[in-house]
Amino acid sequence: METINQKQQGKALSRLEGALKVTGAAQYAGEYSAPDLLYGHVVNSTIPKGKIQKIYTEEILKLPGIIEIFTHENRPSLAWFNFQYSDMDAPPGSPFRPLHDAEIKYYGQPVALVVAESFEEARFAASVLKIDYEKEAFTTNFTNQLDDARAPKRGFATLLKPLPPKPKGDFDKAFDESPVQVSADDYYHGTEHHNPMEMHATTTMFEGEGKLTIYDKTQGTVNSQLYVANVFGLSFKDVRVIAPYVGGAFGSGLQPQYQLFMSVMAALELKRSVRVTLTRAQMYTFGHRPPTLQQIKVAAEMDGKITALHHKATAETSRFEDYTEVVVNWGNILYPVENTKLDYELVPVDVYSPLDMRAPGGSTGLHPLECALDELAYELKMDPLDLRLKNYAEQDDSENRPFSSKELKECYLQGAEKFGWYNRSPQPRSMRRGNRLVGYGMATGIWESMTLPAKAEATLTKEGKFRVRSAVTDIGTGTLTVMTQIAADALGVGLDEVEFEYGDSKMPFAPIQGGSYTVSTVGSAVVAACQALRKRLLKIAQKANGSLFETASESKVSLTNGHLSLSEKPDVAVSFQELLTVSGKRMIKASKTNIPNPLTLKKYTRAAHSAAFVEVEVDEELGVINVTRALTAVAAGTIVNPKTARSQIVGGMVWGISKALREETITDHRLGRYMNPNLAEYHIPVHADIHDLDVIFVEEKDDIVNPLGSKGLGEIGIVALPPAIANAVFHATGKRIHQLPIHFDMLL
Amino acid sequence: METTQLSRNTNTSKIDCIRTVTFTINGQSTQLQLPPWVSLLDALRHHLHLTGTKKGCDHGQCGACTVMCDGKRILSCLTLAVSKDQSSITTIEGIADNGELHPLQKAFIEYDAFQCGYCTPGQICSAVGMMQEGKAQNRAEVQELMSGNLCRCGANSQIIDAIMEVYIPETHE
């Protein structure tokens with residue numbers, strides 16, 4: 001593997017788009033306008049299951065400003081087959097088709113789109129559109145239907161999200177015969193919604209001649225393009241999807257959501273530009289993190305060696321798709337255990353399909369696993385960190401293969417040292433500040449490091465600058481900034497000389513932005529494209545001035561001061577302008593697809609690791625929990641930009657605090673609907689809830705994951721926080737709470 | 001909804017209720033013809049194309065729409081535009097001074113106080129208002145008085161760091 005010089009990588013660069021974001025100049029999907037723009041407002045079902053009998057559109061169409069009301073009765077004829085509604089992240093099953101027919105599958109299902117000349121007219125008309133329904137019996141509480149639990153269907157999605165490995169050894173025997181055992185069957189977390197600050201919006205510009213330019217809130221411009229072309233029977237080249245700025249997504253934009261469908265449908269039918277922005281309440285009418293019930297059993301010898309592990313998760317899914325996530329596989333990757341039984345089952349109920357939400361599966365599964373280890377440590381009268389060191393995995397026991405790299409031990413040691421872990425007195429309720437009980441807790445984190453195929457294009461422009469392009473989005477992760485750093489290094493030029501362009505389906509293919517694989521996937525393609533461009537430029541230099549560059553190779557030339565020169569002999573040079581002239585083109589382009597070698601990658605388990613340490617204060621009388629400080633030590637390979645990387649981890653930690661103590665969508669199962677679809681009652685941490693958060697990146701070298709040696713950071717910051725907080729709450733109060741979020745009333 | 005009520009609304013013709021609103025937006029006198037039910041937020045975003053002010057909930061729960069009105073921070077989504085006739089409004093587009101970023105804007109970039117950037121205009125306008133109020137005496141009070149502005153990316157610490165870099169609390173002996 002070629003190494004590239006890393007002058008720009010490793011720099012704590014501020015976000016390149018920073019000035020645009022702090023001045024309000026950065027434009028998001030629902031902020032593009034057209035002179036003839038129409039506004040669409042979606043109407044949602046008010047029953048969870050049944051059939052639409054009648055929609056009273058006639059009166060509403062007479063209201064001022066109303067242009068059209070689309071329902072299942074008058075929608076255009078669309079793709080015939082189910083699979084044409086599939087996208088890159090669709091679970092096995094039959095994708096939801098907006099306005100398909102009269103059937104209601106879940107509460108809040110979009111049933112009509114009102115289109116008007118103004119936002120207010122559309123909103124008002126939508127609010128008074130009367131619909132008659134024929135109600136049917138429904139059930140939304142999967143914990144009442146556990147008899148229906150079954151193995152998930154397999155499909156394209158389960159390739160990236162493997163189902164649990166087969167049982168190993170003899171769990172029952174090993175568990176029964178072990179001297180120390182921990183067992184619980186009541187680990188549970190409720191429904192969660194992504195709630196990015198920007199609500200989902202699509203502005204479709206009707207360009208005429210069948211062409212559409214679509215500004216969409218998405219994590220994948222090509223994914224949205226594919227969906228629109230397939231569903232509406234358009235040619236790919238006529239559908240351009242742009243997502244310049246994305247106001248957060250956290251998974252909500254991994255699949256095309258119904259505002260995209262509605263906006264495009266209305267634009268095509270009315271032959272005008274149409275914007276559809278969802279309301280905050282409507283942000284609860286598509287995917288969510290599924291509520292999950294978990295059982296765990298762990299046993300060990302007296303010296304702490306784990307002998308048996310059983311982890312079972314039962315998760316909610318919809319009636320129409322089998323959404324899966326990797327929940328129970330982590331335990332045997334993190335800890336070597338000879339006897340394992342790992343199960344994962346689904347219960348379909350009358351809700352919309354769940355959807356990947358930041359750290360899907362990992363943040364769910366590590367909660368019982370890492371809490372059970374804490375309980376085991378207490379049973380053994382052993383320090384929880386020492387128990388993890390005792391069971392440290394030198395290789396991935398579940399697959400019986402080595403890690404591509406793993407510096408988790410350094411995370412444990414450096415984290416414990418900086419946090420002051422060993423200053424704690426192990427006895428619960430033994431530390432306090434005034435009337436507040438103080439607790440320390442820790443947990444381990446892991447997240448798989450994936451690399452997917454992607455393409456990038458590098459160009460020498462006629463101005464003598466470099467331009468690198470990919471269809472990838474930047475959902476706030478810092479993609480623009482780190483890709484510019486990576487491209488600069490791969491070309492061997494300064495940051496000022498290269499511009500990274502992104503967020504446009506016309507640009508070279510990138511997969512949906514998720515799973516912590518963007519730097520790895522798109523970064524590798526950027527490196528490949530930049531190297532291809534250097535080769536091409538050298539070839540042209542040889543054509544221009546054969547004798548001087550005859551023996552030079554790509555790695556021996558520099559691109560500085562507008563010239564291509566020999567690194568060893570800088571005076572042997574040819575100007576970019578001459579290269580352009582010789583090439584006979586206005587620009588010199590090279591593009592390259594990076595396809596990771598599956599055979600090499602299959603030999604290794606590739607994962608980022610973390611260790612989280614948390615201090616909580618719990619008011620002894622009121623039970624109020626406060627995370628006073630938290631530290632996460634992360635081993636994730638090369639850190640391209642320490643500033644944006646730290647923000648990714650800190651942001652993940654806030655999500656972990658939120659999952660542990662705040663957020664939950666609560667369902668009224670008698671009505672089959674969510675009760676708190678707003679930001680006042682769906683609690684996320686506010687500024688006053690967030691205190692001292694610290695991050696350590698331990699050094700980790702990895703030559704296998706990808707040419708950059710970088711593992712991705714979007715998820716690893718979250719996964720360890722919820723169990724570390726639950727463990728700290730136990731240390732503070734002596735109470736084991738197995739449900740998330742932990743509320744003060746559970747401690748009283 | 002009953003038909004009788006609907007037809008009453010139908011009869012309320014748009015033309016009858018249009019109001020003229022005059023306000024100063026970022027130092028510029030601006031006049032709009034608006035129905036009375038248009039929020040200040042939608043007037044800014046849809047009618048003036050000042051999309052720097054963000055809509056995150058439309059219910060006064062997230063703070064993304066915060067603007068300055070006559071020197072005070074307000075939630076523009078809970079404010080009807082017609083009620084601000086003759087007022088002076090400053091939005092995020094008017095915080096910088098002739099292209100020179102406000103010290104808070106610089107600090108937000110330096111401290112990486114945003115990721116997706118969607119809550120950022122509201123955070124900055126709210127912080128400007130909070131500083132002018134002058135009530136917060138320390139970091140904890142700044143955190144409290146900024147807690148009406150949500151951030152889903154989890155940039156909370158950096159946002160407060162950036163504000164503390166710029167804010168010098170008045171000391172009351």
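The values are calculated or read from the model by the stated rules, or taken from the named source; none is laboratory data. Note that this is a predicted model, so its numbers are computed, not measured. Because the Cβ atoms are built from the backbone with ideal geometry, glycine has one as well, and the counts that use them run over all protein chains shown.
Quick notes on this structure:
- In segment B:130-159, the residue that is farthest from A:GLY251 (Cα to Cα) out of those that are facing chain A (nearest Cβ under 7 Å) and surrounded by fewer than 22 Cβ atoms within 10 Å (Cβ to Cβ) is B:GLU144.
- Taking every residue in segment A:729-742 that is in contact (Cβ under 8 Å) with a residue 40 or more places away in the chain and pairing it with any residue that is of a type in the set (Lys, Arg) and not in a loop (DSSP other than H, G, I, E, B), at least 6 positions away or on another chain, the pairs with Cβ-Cβ distances below 8 Å are A:LEU740/A:LYS659; A:PRO741/A:LYS659.
- A:THR461 touching a residue at least 12 places away in the same chain (Cβ under 8 Å), surrounded by fewer than 24 Cβ atoms within 10 Å (Cβ to Cβ) and polar (S, T, N, Q): yes
- Residue in segment A:150-163 that is in the same structural domain as A:TYR352 (by TED's automatic domain parsing), in contact with a strand residue (DSSP E or B) (Cβ under 6 Å, 6 or more places away or on another chain) and surrounded by 15 or more Cβ atoms within 10 Å (Cβ to Cβ) present: yes
- Within segment A:58-77, the set of residues being within 12 Å of chain B (Cβ to nearest Cβ) and not in a loop (DSSP other than H, G, I, E, B) comprises A:GLU58, A:GLU59, A:ILE60, A:LEU61, A:ILE66.
- Segment B:76-129 - residue that is over 17 Å from the mean Cα position of the chain (by Cα) and at positive phi and, of those, surrounded by the most Cβ atoms within 10 Å (Cβ to Cβ): B:ASP112
- Flag for A:ALA116 being of a type outside the set (Lys, Arg), surrounded by 14 or more Cβ atoms within 10 Å (Cβ to Cβ) and closer than 25 Å to A:MET283 by Cβ: yes
- Comparison of A:ASP147, A:ASP132, A:ASP170 shows that the only residue that is modelled with pLDDT of 95 or more, surrounded by fewer than 17 Cβ atoms within 10 Å (Cβ to Cβ) and within 14 Å of chain B (Cβ to nearest Cβ) is A:ASP132.
- The combined condition, being closer than 26 Å to A:ILE657 by Cβ, in contact (Cβ under 8 Å) with a residue 12 or more places away in the chain and of a type in the set (D, E, K, R), is not fulfilled by B:ASP70.
- Complete set of residues in segment A:27-53 that are modelled with pLDDT under 95 and outside any loop (DSSP other than H, G, I, E, B): none
- Among the candidates A:GLY24, A:GLY10, residue that is surrounded by fewer than 18 Cβ atoms within 10 Å (Cβ to Cβ) and part of a loop (DSSP other than H, G, I, E, B): A:GLY10
- The residue of segment B:42-52 that is surrounded by the fewest Cβ atoms within 10 Å (Cβ to Cβ), among those that are facing chain A (nearest Cβ under 7 Å) and either in contact (Cβ under 8 Å) with a residue 12 or more places away in the chain or out of contact with any helix residue (DSSP H, G or I) (no Cβ under 8 Å at 6 or more places or on another chain) (or both), is B:HIS49.
- Residue check, A:ASP101 in contact (Cβ under 8 Å) with a residue 24 or more places away in the chain and on the phi < 0 side of the Ramachandran plot: yes
- Hey, A:LYS217 within 14 Å of another protein chain (Cβ to nearest Cβ) and either buried (at least 24 other Cβ atoms within 10 Å of the Cβ) or not aliphatic (A, V, I, L, M) (or both) or not: yes
- Selection of segment A:601-644 for residues being touching a Phe, Trp or Tyr at 6+ places or on another chain (Cβ under 6 Å) and either buried (at least 18 other Cβ atoms within 10 Å of the Cβ) or outside the structural domain of A:LEU160 (by TED's automatic domain parsing) (or both) yields A:THR605, A:ALA608, A:ALA611, A:PHE613, A:GLU615, A:GLY623, A:LEU631, A:VAL634, A:ILE639.
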